1. Which length gain, in nm to one decimal place, applies between M145 and T130 when the Cα-Cα distance is subtracted from 0.36 nm times their residue separation?
2. Keeping the other protein chains in place, figure out the carbon and sulfur percent of the accessible area of the range 32-97, with a 1.4 Å probe.
3. Within the set of other residues whose C-beta is less than 13 Å from the C-beta of L18, count the net charge using Lys and Arg as +1 and Asp and Glu as -1.
4. Under 16 Å from a point placed 7 Å out from the Cα of A45 along the Cα-to-Cβ direction: which residues of the range 1-32 have their backbone N that close?
5. In deg cm²/dmol, rounded to 500, what helix-only [θ] at 222 nm does the chain give when every DSSP H run of at least 4 residues adds -39500 (n - 2.57) and the total is split over its residues?
6. Where does the charge balance sit around L136 when Lys and Arg score +1, Asp and Glu -1, over other residues with C-beta under 15 Å from its C-beta?
7. From the mean inverse distance of alpha carbon pairs (Kirkwood) and the Cα radius of gyration, derive Rg over Rh for the range 12-69.
8. Which value in Å does the Kirkwood hydrodynamic radius of the range 1-117 take, with 1/r averaged over all unlike C-alpha pairs and then inverted?
Amino acid sequence: MSHPRLALPADAAEISRLRSENILSEPLDPLWLDRCTDQLAVRLASGGDARAYVVDAPNGRLASCALGLVHKVLPAPKYPQGLAVRIHAVATDPNHRRRGHAKAALTALLDQLEAEGVTLYELYANEGSTPLYEGLGFASDRMLMRMTRFAVPLDGRTS
């Protein structure tokens, strides 16, 4: 049985590792991994916009995580508190898959967010994860569109 716990800023490196190794199309290089870890640690601190639940692995690392980034939107009848979340990462280390860790972590995260008044939830799913998300109440939205734009080069240099 999986026993998720609320993530702490000290878990940021492991959450970033799980995201990098198991979600992204290419793992992050050490510089980007450090950058994500530093930012996530701040965002997981009290008053930050990140919420996460994790499942510990016996080796001192994390077996699984579910991470959401809360943001404000204008209120409407379906989100009266004006709170939305993007589920940014649900990842499980390959050695710990098929044990219910991701479902347990995500369920705990959704319960926490609901208790905080969040009513609008968004995530991106791949084929393998779709059944988990649908089982928890998520539905596909064909109208959702996405774009990435960079104002400056990725390395941050202006010229």
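1. Gain in length upon complete extension: 3.6 nm.
2. 52
3. Here the count lands on -1.
4. In the range 1-32, the label zone of A45 (backbone N under 16 Å from the point 7 Å along Cα→Cβ) covers 8-13.
5. Calculated at 222 nm, the ellipticity per residue is -9000 deg cm²/dmol.
6. Net charge in that neighbourhood comes out at -3.
7. Value, to two decimals: 0.96.
8. Averaging 1/r across every pair of different Cα atoms and inverting gives 14.5 Å.
The values are calculated or read from the model by the stated rules, or taken from the named source; none is laboratory data. Quick caveat: nothing in here was measured; it's all calculated off a predicted structure. Note that we place each Cβ from the backbone using ideal geometry, even for glycine, and neighbour counts take in every protein chain shown. Please note that ligands, DNA and RNA were not included when accessible areas were found on the heavy atoms of the full protein model with its side chains. Shrake-Rupley method; radii C 1.70, N 1.55, O 1.52, S 1.80 Å.
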